[in-house]
Amino acid sequence: MASSDKPSLLMRASDTIVRSWMFIAFFIGFFLFWEYAVVWFDIPRYILTPPSLIVQKGAADLDRLLYYTYVTGLETVLGYVVAIVLALPIGLAIAFSTILRRTIYPFLVCIEMVPKIAFAPLFISWLGFGLLPKVIIVFLVCFFPIVLNAILAFNSLSEELTRFARSTGASAWTTFLKIRLPAALPQCFVGFKYAAINATVGAAIAEFIGSDEGLGFYIQIVTGNMRPDLAFAGIFFLTLLGLGLFGIVTLAERLLIPWHISVRRTTH
Amino acid sequence: MSTLIDLAGVTKVFGSGAGAVHAFGPVDMTIEDGEFISLLGPSGCGKSTLMLMIAGLLGITKGEITLAGRNVTGPQTDIGIMFQDNTLVPWRTVRGNIDLQLEMRGIDPASREDDVEELLRSVHLEDFQERFPHELSGGMQQRAAFCQAMVHKPKTMLLDEPLGKLDAMTRENIRKDLQSLWMQKRPTVVFVTHSIEEAIQLSTRVAVITPRPGRIERIIDIDLPFPRDFDVKSSPEFTAYVRETQEIFRNYGVI
């Protein structure tokens, strides 16, 4: 319980390895099986390649992969950041305005039902092959989970804390800064994390539909050339990108709300 | 003593039309300055509803409440309230939570440092002020919540079952501290509880409330010396008060 006697980083790392040895063993086993199954079952190399070859061929094409990771990363991060910047104030406005809650909120819930990715071809046809349509599609994918969770977050202050705030006679602004905002952060982060997981999906699909660079473009082209080894290398970098974004958001969560139960559970 | 809180025909109805629920009242009662009065009744009898109405946090359907000569029409800011679920926020330490009450009122916590220290000492929390609520036991949390509710030195305190969720031994312990604090500072305390023994041990008067709709069945003056320790609690007079109260609830079919 006490936080004063924290074990060293090394001790915690080794502790984690010991606790999750079964997972690590399974993980290694999975790739070993893949490596040898391809040989045993005599699967043609243009269908599936063993992991060792993916690493080898991927490394040979590293320059292109890194540049495309940068391209897709830029689309993803721009769309994600714009989604947060717009969704938070809009969520806040809806949470505190009865009129907006009765007009825009049900509208957003309806739009949420539409698979946003289905808009991708339209945006490509309207705006071309450049950066902008991809940013918009990532934005669309990220915006809804963030805004809906923000509305939930700002609307779910306990009755008790609401009464406490009223009994102090504090202004709405003081109440917001000292109680409503910190209380809302955990639920906001649920939206941030969900959006972070889906952001790269949006970017990749947008690139599938129409682009001349990026990891989605790369995966599509090399697959067309019967090069599953390079496709997997592309998928690997796309996964790294998603993990990176998710990692940054999780880090921000730990720094901003270290007191929250979901963070406490994962840090000790 | 002078009248601090005056209730005249106070009634609460939830909802309207056919679905309306007559929850409480009408009730007339006066609470004197400096007394410790318990609102005693089973759960659902409207005692918390009454407390919230006195605090101005819940509208009155009919009747009038006067607090220190002023009509209660909105939230009262010159009182200290302990709610059923404590209002400690998880992102602040014990000290930070106590300061929150001050900050919300625009008071610089630095100017009240000595008061906060003294308050923490009086409930034996001085060594736990940098702990977060989740690091504390239920009893310590309630002690911290108590400090939060009275750091702005209110003359009136409304306590809504502050010990309701604690084990018997912890309850006994905190009752003792609560009593000595009340004897020292003599604030007016309205104490909501469903424990007969607790009400009689702590109060100068006990308002016995019966449910559906909540009404004050009887107000019993508790004429026992303070502090009311174990000796007082095992005295025949104390037992007689317990019996009298039990009788009311038994006649009413509550127990």
(message) Which count do you get for residues in the stretch B:130-146 that are surrounded by 18 or more Cβ atoms within 10 Å (Cβ to Cβ) and out of contact with any helix residue (DSSP H, G or I) (no Cβ under 7 Å at 6 or more places or on another chain)?
(response) 3
(message) Looking only at the stretch A:167-183, filter to residues that are farther than 24 Å from A:Ile84 by Cβ and in a helix (DSSP H, G or I); which one of those is nearest to the other protein chains (Cβ to nearest Cβ)?
(response) A:Thr168
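Might you check whether a residue that is under 24 Å from the mean Cα position of the chain (by Cα), without any contact (Cβ under 8 Å) to a residue 24 or more places away in the chain and outside any loop (DSSP other than H, G, I, E, B) occurs anywhere in the stretch A:184-207? Even if it seems obvious, please write down each step before you answer.
Kept after step one, since they are under 24 Å from the mean Cα position of the chain (by Cα), are these residues of the stretch A:184-207: A:184-207.
Then drop every residue that is not without any contact (Cβ under 8 Å) to a residue 24 or more places away in the chain, which leaves none.
Looking through the stretch A:184-207, none of the residues is under 24 Å from the mean Cα position of the chain (by Cα), without any contact (Cβ under 8 Å) to a residue 24 or more places away in the chain and outside any loop (DSSP other than H, G, I, E, B).
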(request) Please work out if A:Tyr80 is surrounded by 15 or more Cβ atoms within 10 Å (Cβ to Cβ), touching a Gly at 6+ places or on another chain (Cβ under 7 Å) and of a type in the set (Phe, Trp, Tyr). (result) no
(request) Kindly list the number of the only condition in (1) among the charged types (D, E, K, R); (2) surrounded by 15 or more Cβ atoms within 10 Å (Cβ to Cβ); (3) more than 30 Å from B:His152 (Cα to Cα) that fails for A:Arg163. (result) (3)
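Which members of the stretch A:101-150 meet the condition of being over 30 Å from A:Phe217 (Cβ atoms) and β-branched (Val, Ile, Thr)? Before the answer, list the steps.
Looking only at the stretch A:101-150, we keep the residues that are over 30 Å from A:Phe217 (Cβ atoms), and these are A:101-110, A:148-150.
Matches in the stretch A:101-150: A:Thr103, A:Ile104, A:Val109.
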(message) Quick check on the stretch B:166-174. Is at least one of its residues in a helix (DSSP H, G or I) and hydroxyl-bearing (Ser, Thr, Tyr)?
(response) yes
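Assess whether A:Ser158 counts as being within 14 Å of chain B (Cβ to nearest Cβ) and of a type in the set (Gly, Ala, Ser). Even if it seems obvious, please write down each step before you answer.
Details: within 14 Å of chain B (Cβ to nearest Cβ): yes; of a type in the set (Gly, Ala, Ser): yes.
Here the answer is yes, as A:Ser158 does meet what is asked.
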(message) Testing A:Phe23 on (1) within 25 Å of the chain's Cα centre (by Cα); (2) surrounded by 11 or more Cβ atoms within 10 Å (Cβ to Cβ), one condition comes back false. Which one is that?
(response) (2)
(message) Quick test of your reading of the structure: B:Ala8 fulfils all but one of (1) buried (at least 20 other Cβ atoms within 10 Å of the Cβ); (2) at pLDDT 90 or above; (3) among the small types (Gly, Ala, Ser); (4) in a strand (DSSP E or B). Name the failing condition by number.
(response) (1)
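Confirm whether B:Ser48 is among the hydroxyl-bearing types (Ser, Thr, Tyr) and either more than 14 Å from every other protein chain (Cβ to nearest Cβ) or within 20 Å of A:Gly169 (Cβ to Cβ) (or both).
no
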(request) Report, by residue number, each residue of the stretch A:199-255 that is among the acidic types (Asp, Glu), crowded, with 16+ Cβ neighbours inside 10 Å and over 22 Å from A:Lys116 (Cβ atoms). (result) A:Glu213, A:Asp229, A:Glu253
(message) Return the residues of the stretch A:32-63 that are hydroxyl-bearing (Ser, Thr, Tyr) and either part of a loop (DSSP other than H, G, I, E, B) or more than 30 Å from the chain's Cα centre (by Cα) (or both); say none if nothing qualifies.
(response) A:Tyr36, A:Tyr46, A:Thr49
(request) Keeping to the stretch B:148-165, report how many residues are in contact with a Phe, Trp or Tyr (Cβ under 6 Å, 6 or more places away or on another chain) and part of a helix (DSSP H, G or I). (result) 0
(message) If I go through the stretch B:225-255 residue by residue, how many of them are assigned to a loop (DSSP other than H, G, I, E, B) and of a type in the set (Lys, Arg)?
(response) 1
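For the stretch B:201-225, which positions are over 30 Å from B:Val21 (Cα atoms) and surrounded by 15 or more Cβ atoms within 10 Å (Cβ to Cβ)? Even if it seems obvious, please write down each step before you answer.
Of the stretch B:201-225, the ones over 30 Å from B:Val21 (Cα atoms) are B:201-204, B:221-225.
Listed by number, the residues that qualify are B:Gln201, B:Leu202, B:Ser203, B:Thr204, B:Ile222, B:Leu224.
Would you pick out the residues in the stretch B:127-147 that are polar (S, T, N, Q) and part of a loop (DSSP other than H, G, I, E, B)?
If we filter the stretch B:127-147 for residues that are polar (S, T, N, Q), which is where we start, we get B:129, B:137, B:141-142.
B:Gln129, B:Ser137 - these are the residues of the stretch B:127-147 that are polar (S, T, N, Q) and part of a loop (DSSP other than H, G, I, E, B).
Yes or no: the stretch A:125-133 includes at least one residue that is in contact with a Ser or Thr (Cβ under 6 Å, 6 or more places away or on another chain) and away from chain B (no Cβ under 14 Å). Steps first, answer last, please.
Pass one, the stretch A:125-133, residues in contact with a Ser or Thr (Cβ under 6 Å, 6 or more places away or on another chain): A:129.
So of that shortlist, the ones also away from chain B (no Cβ under 14 Å) come out as A:129.
Yes, because at least one residue in the stretch A:125-133 is in contact with a Ser or Thr (Cβ under 6 Å, 6 or more places away or on another chain) and away from chain B (no Cβ under 14 Å).
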(message) Just checking, does the stretch A:100-123 include any residue being assigned by TED's automatic domain parsing to the domain that holds A:Ser211, buried (at least 21 other Cβ atoms within 10 Å of the Cβ) and of a type in the set (A, V, I, L, M)?
(response) yes
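Check B:Val190, B:Val242 and return the single one that is surrounded by 13 or more Cβ atoms within 10 Å (Cβ to Cβ) and either outside the structural domain of B:Ser43 (by TED's automatic domain parsing) or closer than 13 Å to B:Leu39 by Cα (or both).
On the way: B:Val242 fails: either outside the structural domain of B:Ser43 (by TED's automatic domain parsing) or closer than 13 Å to B:Leu39 by Cα (or both).
Going through B:Val190, B:Val242 in turn, the sole match is B:Val190.
Could you list all residues from the stretch B:73-113 that are among the aliphatic types (A, V, I, L, M), within 12 Å of another protein chain (Cβ to nearest Cβ) and either in a loop (DSSP other than H, G, I, E, B) or farther than 24 Å from A:Ser158 by Cα (or both)? Step through it out loud before you land on a result.
Looking only at the stretch B:73-113, we keep the residues that are among the aliphatic types (A, V, I, L, M), and these are B:79, B:81-82, B:88-89, B:94, B:98, B:100, B:102, B:104, B:107, B:110.
Filter once more, so that each one left must be within 12 Å of another protein chain (Cβ to nearest Cβ): B:79, B:81-82, B:88-89, B:100, B:102, B:104, B:107.
If the condition is that a residue be among the aliphatic types (A, V, I, L, M), within 12 Å of another protein chain (Cβ to nearest Cβ) and either in a loop (DSSP other than H, G, I, E, B) or farther than 24 Å from A:Ser158 by Cα (or both), then B:Leu88, B:Val89, B:Ile107 are the ones that fit.
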(message) Which condition from (1) within 11 Å of chain A (Cβ to nearest Cβ); (2) in a loop (DSSP other than H, G, I, E, B); (3) more than 19 Å from A:Trp173 (Cα to Cα) is the one that B:Ile60 breaks?
(response) (1)
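The values are calculated or read from the model by the stated rules, or taken from the named source; none is laboratory data. The structure displayed is predicted, hence computed values, not measured ones. Note: ideal-geometry Cβ built from the backbone for every residue, glycine included; neighbour counts use all protein chains shown.
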